[in-house]
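Below is one structure, written out as C-alpha coordinates; the observations come after it.
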Amino acid sequence: MIVNALKDLWATTRNVIPIMSILILFQLFILKKPIENLRVFILGCIFSILGLHFFLKGVTTALIPLGESVGKNIVILEKKYLIILFAFALGYASTLVEPALEALALEVEEISVGAIPHKVLINAVAIGFGLGLSIGIAKILNNIPTKKVMLPLMTLAIVLLYFAPDEYVAIAFDSASATTGPVNIPINMALAIGLAKVLGEVDPLLNGFGIIGLTSMGSVLTVLLLGIIMK
(Lines give C-alpha, C1' and ligand atoms only; values in the text may rest on other atoms or scores of the structure.)
Protein backbone atom coordinates (compact mmCIF):
# COMPACT_ATOMS: atom_id res chain seq x y z
CA MET A 1 0.00 0.00 0.00
CA ILE A 2 2.84 2.37 0.90
CA VAL A 3 4.66 1.42 -2.29
CA ASN A 4 1.59 2.24 -4.40
CA ALA A 5 1.17 5.54 -2.57
CA LEU A 6 4.77 6.47 -3.26
CA LYS A 7 4.37 5.52 -6.93
CA ASP A 8 1.33 7.78 -7.22
CA LEU A 9 3.20 10.62 -5.50
CA TRP A 10 6.13 10.19 -7.86
CA ALA A 11 3.76 10.25 -10.84
CA THR A 12 2.43 13.62 -9.70
CA THR A 13 5.94 14.92 -9.03
CA ARG A 14 7.06 13.80 -12.49
CA ASN A 15 4.26 15.81 -14.07
CA VAL A 16 5.07 18.97 -12.10
CA ILE A 17 8.86 18.90 -12.49
CA PRO A 18 8.94 19.89 -16.21
CA ILE A 19 6.81 22.98 -15.55
CA MET A 20 9.01 24.09 -12.66
CA SER A 21 12.18 23.31 -14.62
CA ILE A 22 11.14 25.46 -17.57
CA LEU A 23 10.30 28.41 -15.33
CA ILE A 24 13.50 28.07 -13.31
CA LEU A 25 15.74 27.76 -16.37
CA PHE A 26 14.04 30.70 -18.08
CA GLN A 27 14.39 32.84 -14.96
CA LEU A 28 18.06 32.00 -14.38
CA PHE A 29 19.51 31.73 -17.90
CA ILE A 30 17.25 33.80 -20.17
CA LEU A 31 16.08 36.57 -17.88
CA LYS A 32 19.26 36.25 -15.78
CA LYS A 33 17.40 36.99 -12.58
CA PRO A 34 17.91 35.17 -9.28
CA ILE A 35 15.13 33.29 -7.52
CA GLU A 36 14.19 35.38 -4.53
CA ASN A 37 13.90 33.64 -1.16
CA LEU A 38 15.04 30.22 -2.34
CA ARG A 39 13.93 28.46 0.85
CA VAL A 40 10.35 29.69 0.52
CA PHE A 41 10.38 28.79 -3.17
CA ILE A 42 11.47 25.20 -2.50
CA LEU A 43 8.89 24.87 0.26
CA GLY A 44 6.23 26.19 -2.09
CA CYS A 45 7.19 23.65 -4.75
CA ILE A 46 6.85 20.83 -2.23
CA PHE A 47 3.46 22.11 -1.09
CA SER A 48 2.33 22.39 -4.72
CA ILE A 49 3.24 18.78 -5.44
CA LEU A 50 1.66 17.46 -2.25
CA GLY A 51 -1.45 19.61 -2.68
CA LEU A 52 -1.98 18.52 -6.27
CA HIS A 53 -1.36 14.87 -5.36
CA PHE A 54 -3.84 14.81 -2.48
CA PHE A 55 -6.40 16.78 -4.46
CA LEU A 56 -6.28 14.37 -7.39
CA LYS A 57 -6.57 11.45 -4.98
CA GLY A 58 -9.58 13.05 -3.34
CA VAL A 59 -11.26 13.74 -6.68
CA THR A 60 -10.83 10.18 -7.97
CA THR A 61 -11.83 8.48 -4.72
CA ALA A 62 -14.61 10.79 -3.53
CA LEU A 63 -15.94 13.52 -5.82
CA ILE A 64 -16.24 11.55 -9.06
CA PRO A 65 -17.83 8.43 -7.48
CA LEU A 66 -20.20 10.60 -5.42
CA GLY A 67 -21.22 12.70 -8.42
CA GLU A 68 -21.88 9.60 -10.52
CA SER A 69 -23.82 7.98 -7.67
CA VAL A 70 -26.01 11.06 -7.28
CA GLY A 71 -26.59 11.12 -11.04
CA LYS A 72 -27.68 7.46 -11.05
CA ASN A 73 -30.01 7.84 -8.07
CA ILE A 74 -31.45 11.29 -8.70
CA VAL A 75 -34.16 9.81 -10.92
CA ILE A 76 -36.04 8.78 -7.77
CA LEU A 77 -37.18 12.41 -7.59
CA GLU A 78 -39.39 11.52 -10.58
CA LYS A 79 -40.33 15.15 -11.30
CA LYS A 80 -37.94 16.50 -13.93
CA TYR A 81 -38.14 20.09 -12.73
CA LEU A 82 -36.79 19.07 -9.30
CA ILE A 83 -33.80 17.39 -10.94
CA ILE A 84 -33.20 20.50 -13.06
CA LEU A 85 -33.44 22.79 -10.01
CA PHE A 86 -30.98 20.57 -8.16
CA ALA A 87 -28.59 20.78 -11.12
CA PHE A 88 -28.77 24.58 -11.06
CA ALA A 89 -28.08 24.70 -7.31
CA LEU A 90 -25.15 22.29 -7.64
CA GLY A 91 -23.65 24.20 -10.57
CA TYR A 92 -24.03 27.53 -8.82
CA ALA A 93 -22.53 26.34 -5.53
CA SER A 94 -19.60 24.47 -7.09
CA THR A 95 -18.65 27.51 -9.19
CA LEU A 96 -18.45 29.79 -6.16
CA VAL A 97 -15.51 27.78 -4.79
CA GLU A 98 -13.65 27.43 -8.09
CA PRO A 99 -10.13 28.82 -7.35
CA ALA A 100 -9.36 29.85 -10.94
CA LEU A 101 -12.51 31.96 -11.10
CA GLU A 102 -11.69 33.65 -7.80
CA ALA A 103 -8.21 34.57 -9.09
CA LEU A 104 -9.64 35.91 -12.35
CA ALA A 105 -12.32 37.96 -10.60
CA LEU A 106 -9.77 39.57 -8.27
CA GLU A 107 -7.59 40.49 -11.26
CA VAL A 108 -10.61 42.01 -13.03
CA GLU A 109 -11.52 44.05 -9.96
CA GLU A 110 -7.95 45.32 -9.65
CA ILE A 111 -7.56 46.23 -13.33
CA SER A 112 -10.98 47.88 -13.47
CA VAL A 113 -10.19 49.85 -10.28
CA GLY A 114 -13.24 48.41 -8.57
CA ALA A 115 -15.66 49.12 -11.44
CA ILE A 116 -16.31 45.37 -11.74
CA PRO A 117 -16.50 43.98 -8.17
CA HIS A 118 -15.15 40.46 -7.95
CA LYS A 119 -18.15 39.18 -5.99
CA VAL A 120 -20.54 40.47 -8.64
CA LEU A 121 -18.55 38.79 -11.40
CA ILE A 122 -18.25 35.51 -9.52
CA ASN A 123 -21.99 35.36 -8.86
CA ALA A 124 -22.81 36.23 -12.48
CA VAL A 125 -20.56 33.44 -13.71
CA ALA A 126 -21.98 31.01 -11.13
CA ILE A 127 -25.55 31.78 -12.20
CA GLY A 128 -24.59 31.18 -15.83
CA PHE A 129 -22.84 27.93 -14.96
CA GLY A 130 -25.86 26.76 -13.00
CA LEU A 131 -28.17 27.63 -15.90
CA GLY A 132 -25.89 25.81 -18.34
CA LEU A 133 -25.79 22.72 -16.14
CA SER A 134 -29.57 22.73 -15.68
CA ILE A 135 -30.01 23.04 -19.48
CA GLY A 136 -27.59 20.15 -19.96
CA ILE A 137 -29.46 17.97 -17.46
CA ALA A 138 -32.77 18.87 -19.13
CA LYS A 139 -31.18 17.85 -22.44
CA ILE A 140 -30.26 14.46 -20.99
CA LEU A 141 -33.68 13.92 -19.37
CA ASN A 142 -35.45 14.65 -22.64
CA ASN A 143 -32.86 12.95 -24.88
CA ILE A 144 -32.30 16.11 -26.95
CA PRO A 145 -29.25 16.19 -29.28
CA THR A 146 -26.51 18.52 -28.06
CA LYS A 147 -26.38 20.53 -31.29
CA LYS A 148 -30.07 21.43 -31.00
CA VAL A 149 -29.36 23.01 -27.63
CA MET A 150 -25.95 24.52 -28.35
CA LEU A 151 -26.81 26.28 -31.63
CA PRO A 152 -29.51 28.56 -30.12
CA LEU A 153 -27.21 29.42 -27.21
CA MET A 154 -24.35 30.28 -29.56
CA THR A 155 -26.70 32.42 -31.66
CA LEU A 156 -27.84 34.28 -28.55
CA ALA A 157 -24.20 34.82 -27.53
CA ILE A 158 -23.38 36.31 -30.95
CA VAL A 159 -26.32 38.71 -30.62
CA LEU A 160 -25.25 39.77 -27.12
CA LEU A 161 -21.68 40.38 -28.35
CA TYR A 162 -22.90 43.38 -30.34
CA PHE A 163 -24.53 45.01 -27.32
CA ALA A 164 -22.05 44.20 -24.53
CA PRO A 165 -19.07 46.50 -23.82
CA ASP A 166 -15.82 45.26 -25.33
CA GLU A 167 -14.18 44.66 -21.96
CA TYR A 168 -17.02 42.36 -20.92
CA VAL A 169 -16.69 40.32 -24.10
CA ALA A 170 -13.12 39.39 -23.22
CA ILE A 171 -13.97 38.82 -19.56
CA ALA A 172 -16.93 36.61 -20.48
CA PHE A 173 -14.83 34.12 -22.41
CA ASP A 174 -12.07 34.09 -19.80
CA SER A 175 -14.66 33.56 -17.07
CA ALA A 176 -16.13 30.61 -18.92
CA SER A 177 -12.68 29.03 -19.17
CA ALA A 178 -12.06 29.65 -15.47
CA THR A 179 -15.12 27.58 -14.55
CA THR A 180 -13.63 24.45 -16.13
CA GLY A 181 -11.47 23.80 -13.10
CA PRO A 182 -10.72 21.02 -10.63
CA VAL A 183 -13.96 21.41 -8.66
CA ASN A 184 -16.58 21.75 -11.38
CA ILE A 185 -15.40 19.24 -13.95
CA PRO A 186 -15.31 16.08 -11.77
CA ILE A 187 -18.60 16.74 -9.99
CA ASN A 188 -20.76 17.94 -12.84
CA MET A 189 -19.48 15.62 -15.55
CA ALA A 190 -19.86 12.63 -13.23
CA LEU A 191 -23.41 13.77 -12.44
CA ALA A 192 -24.32 14.03 -16.13
CA ILE A 193 -22.73 10.70 -17.09
CA GLY A 194 -24.31 8.93 -14.12
CA LEU A 195 -27.74 10.26 -15.06
CA ALA A 196 -27.28 9.33 -18.71
CA LYS A 197 -26.25 5.78 -17.77
CA VAL A 198 -29.34 5.12 -15.69
CA LEU A 199 -31.82 6.39 -18.30
CA GLY A 200 -32.47 3.45 -20.60
CA GLU A 201 -33.29 5.42 -23.75
CA VAL A 202 -30.33 7.81 -23.44
CA ASP A 203 -26.89 7.12 -24.94
CA PRO A 204 -24.30 8.14 -22.29
CA LEU A 205 -21.68 8.80 -24.97
CA LEU A 206 -23.91 11.20 -26.92
CA ASN A 207 -25.64 12.88 -23.99
CA GLY A 208 -23.35 12.45 -20.98
CA PHE A 209 -20.62 14.54 -22.58
CA GLY A 210 -20.94 18.10 -23.85
CA ILE A 211 -22.23 19.25 -20.49
CA ILE A 212 -19.13 21.35 -19.82
CA GLY A 213 -19.55 23.23 -23.08
CA LEU A 214 -23.11 24.10 -22.11
CA THR A 215 -22.04 25.34 -18.68
CA SER A 216 -19.31 27.47 -20.23
CA MET A 217 -21.75 28.94 -22.72
CA GLY A 218 -24.13 29.74 -19.87
CA SER A 219 -21.36 31.65 -18.09
CA VAL A 220 -20.55 33.59 -21.28
CA LEU A 221 -24.18 34.63 -21.65
CA THR A 222 -24.63 35.85 -18.06
CA VAL A 223 -21.40 37.88 -18.08
CA LEU A 224 -22.40 39.50 -21.38
CA LEU A 225 -25.79 40.31 -19.87
CA LEU A 226 -24.02 41.73 -16.82
CA GLY A 227 -22.00 44.01 -19.10
CA ILE A 228 -25.15 45.20 -20.88
CA ILE A 229 -26.90 45.89 -17.56
CA MET A 230 -23.95 47.73 -16.04
CA LYS A 231 -23.39 49.77 -19.20
Test result for G58, in contact (Cβ under 8 Å) with a residue 24 or more places away in the chain and either within 30 Å of G194 (Cβ to Cβ) or not β-branched (V, I, T) (or both): no
Filter the range 149-190 down to the residues that are at pLDDT below 85 and part of a helix (DSSP H, G or I) and list them by number. N184, I185, P186, I187, N188, M189, A190
In the range 136-152, is there at least one residue being charged (D, E, K, R) and under 14 Å from the mean Cα position of the chain (by Cα)? no
Quickly run through the range 158-186 and pick out the residues that are in contact with a Phe, Trp or Tyr (Cβ under 8 Å, 6 or more places away or on another chain), more than 12 Å from G218 (Cα to Cα) and of a type in the set (S, T, N, Q). N184
When you scan the range 29-49, do you find a residue that is under 30 Å from G194 (Cβ atoms) and either modelled with pLDDT of 85 or more or surrounded by 12 or more Cβ atoms within 10 Å (Cβ to Cβ) (or both), even just one? no
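The values are calculated or read from the model by the stated rules, or taken from the named source; none is laboratory data. Small disclaimer: the values here were computed from a predicted structure and weren't measured. Don't worry about glycine lacking a Cβ; one is built from the backbone with ideal geometry, like all the others, and counts go over all protein chains shown.
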